[in-house]
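**Q** Take this structure, written in structure tokens, and hold onto it; I'll ask about it next.
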């Protein structure tokens, strides 16, 4: 089965960082995503979805360091069903996301308290897949003065 989710939203609260007994970091956040649509009567409608997200490891520490309420992020991960019994003995459940990657979408240095330009990585991508630092390196960019010459016969071009 395939269980993958990608969400873009704003943080509804500041991150909460905890450490497990084995020393691993766990950070939880809440994000709100919205969808705008037209109702049948032609008026505008909006649907808001609140989702709890959990980060682990280095990504959890980075989320705690750079994120705060109101910031916009992209989260990739998997859905998880949380089940518990409430104080009255009733069974409760909710879906949450266990994040594998996150990308901070607010621009650095924005007027509303952007990320610290001296300490935040340039592209804001973080992943639990890289065990060394939790930071996903950007793809190599091709510099314009190093574009290779390609020998193409004009008769091979289909247009």
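No lab work stands behind these numbers, since they all come straight from the coordinates. Given the structure is predicted, the values throughout are model-derived calculations rather than measurements. Quick reminder, even Gly has a Cβ in these numbers, built from the backbone with ideal geometry, and neighbours come from all protein chains shown.
**Q** Going by how many other beta carbons lie within 10 Å of each one, how would you line up 94, 68, fewest first? Present the calculation step by step, with values, prior to reporting the outcome.
**A** Details: 94 12, 68 15.
With the sparsest Cβ surroundings first, the list reads 94, 68.
**Q** Still on this structure, I have one more. Can you report the principal axis dimensions of the stretch 30-104 using only the alpha carbons, biggest first, rounded to whole angstrom?
**A** 48, 39, 21 Å, listed from the longest principal axis down.
**Q** Only counting other Cβ atoms within 10 Å, I'd like 55, 50 sorted with the fewest neighbours first.
**A** Values: 55 30, 50 11.
Lowest count first: 50, 55.
**Q** May I ask you to sort 59, 33 by Cβ crowding, counting other Cβ atoms within 10 Å and putting the fewest first?
**A** Going from least to most buried by this count: 33, 59.
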